[in-house]
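Scroll down for the structure; my scribbles are underneath it.
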Amino acid sequence: MKIDEAVRKLAMEFCEKARLKSGQTVVVGCSTSEIGGHNIGSFSNTEIGTVVFDELFDVFSKHGVHMAAQCCEHLNRAIIVERNISAGFNIVNVIPTPEAGGAFASAAYGGFNDPVALETFTADAGIDIGSTLIGMHLKRVAVPLRLDVKLIGEAVVIAAYTRPPLIGGNRAKYNENLM
C-alpha cells in the first residue's frame, strides 16, 4: 500500500476506534527515516513528512480533531501545534527543520495556519509512527489501541487513547462514555 493510502486508512481507523470527539487533540510522532526503511534520525525525508502530515491533517480536520506534531530528540521532543490550542503550555522559540525536529514536524510547522512550538503538551490520544516515544505527551492513563494498519512503509505504528483514571474500587460505578 502506498504511504498516503496507508496513512489515510490509519487516520480514519484511529478516529473511529479511539472514539475521538470534536475538539480533542492527537499527538503524532513520525520518523520519516523509519518509514523509508532507515534507522530513526538517520535519513529525514521531507516528501514523506509532507505526505504523512497532509493525510493526517485532512482526516483529523474533518473530524474536528486537533493535531500536535512531535519533534525529534534534537528539539527535546517539542510539540508543534496551532496557536489556538496552546493555552496553558509554554511556547518556545524554535522552527523545526528536517535536521533538527524532523521532516514531519517541519511539514506541520509549514502546514498549520499559525504554528507555535511548545515545550510540553498533554494530548487525548496519540499515534507513534516509527518508535518516536510519544508517551510523554499523553494524558496520564493511556490505553493501547490495536489497529489494522501496523506499518507505514517500514515503520511500526503504535497508537493509544486516554481515559480518566478509575477511582473507587469494585463498589464504584463508572461513566461508560468516558472509557
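Remarks
- Near Glu47, once Lys and Arg are set to +1 and Asp and Glu to -1 for all other residues with Cβ below 12 Å from its Cβ, the sum equals -2.
- Across region 65-179, C-alpha contacts under 8 Å between residues 6 or more apart give a mean separation that, scaled by the residue count, equals a relative contact order of 20 percent.
- Going from the fewest other Cβ atoms within 10 Å to the most, the residues Ile167, Ile80, Ile95, Ile40 appear in the order Ile167, Ile95, Ile40, Ile80.
- Neighbour-count order for Thr32, Thr97, fewest beta carbons within 10 angstrom listed first: Thr97, Thr32
- Using only alpha carbons, region 117-179 has a radius of gyration to Kirkwood radius ratio (Rg to Rh) of 1.08.
- Here the label points at Arg163 and Ile91, each 7 Å from Cα along the C-beta direction, are separated by 3.7 nm in the simple model.
- Other residues within the sphere of radius under 12 Å centred on the Cβ of Gly29, judged by their own Cβ, net out at -2 (K and R +1, D and E -1).
- Spin-label proximity, Glu119 to region 80-112 - amide N less than 12 Å from point 7 Å beyond Cα toward beta carbon: 89-93
- Neighbours of Tyr161, meaning other residues whose beta-carbon lies under 14 angstrom from its beta-carbon, give a summed charge of +3 when Lys and Arg score +1 and Asp and Glu score -1.
- Over the chain, equivalent-ellipsoid semi-axes from the Cα gyration tensor in Å: 26, 19, 15
- Applying the criteria of a DSSP loop state and at most 14 other Cβ atoms within 10 Å to the trypsin sites (Lys or Arg not before Pro) of region 1-54 yields Lys2, Arg19, Lys21.
- Between helix 46-62 and the chain: long-axis angle, C-alpha atoms, 0 to 90°, nearest 10: 30 degrees
- Over 25 Å between alpha carbons, listed pairs Lys150/Lys173; Lys17/Lys62; Lys21/Lys173; Lys62/Lys173: Lys150/Lys173; Lys62/Lys173
- Cα-Cα pairs of region 19-107 separated by more than 20 Å (percent): 34 percent
- Estimated 222 nm signal from helices in the chain, with DSSP H stretches of n ≥ 4 weighted -39500 (n - 2.57), rounded to 500: -7500 deg cm²/dmol
All of the numbers you see were taken from the coordinates with simple rules; none came from a lab. Keep in mind it's a predicted model, so treat the numbers as computed, not measured. Cβ sites come from the backbone with ideal geometry, for glycine too, and all protein chains shown count toward neighbours.
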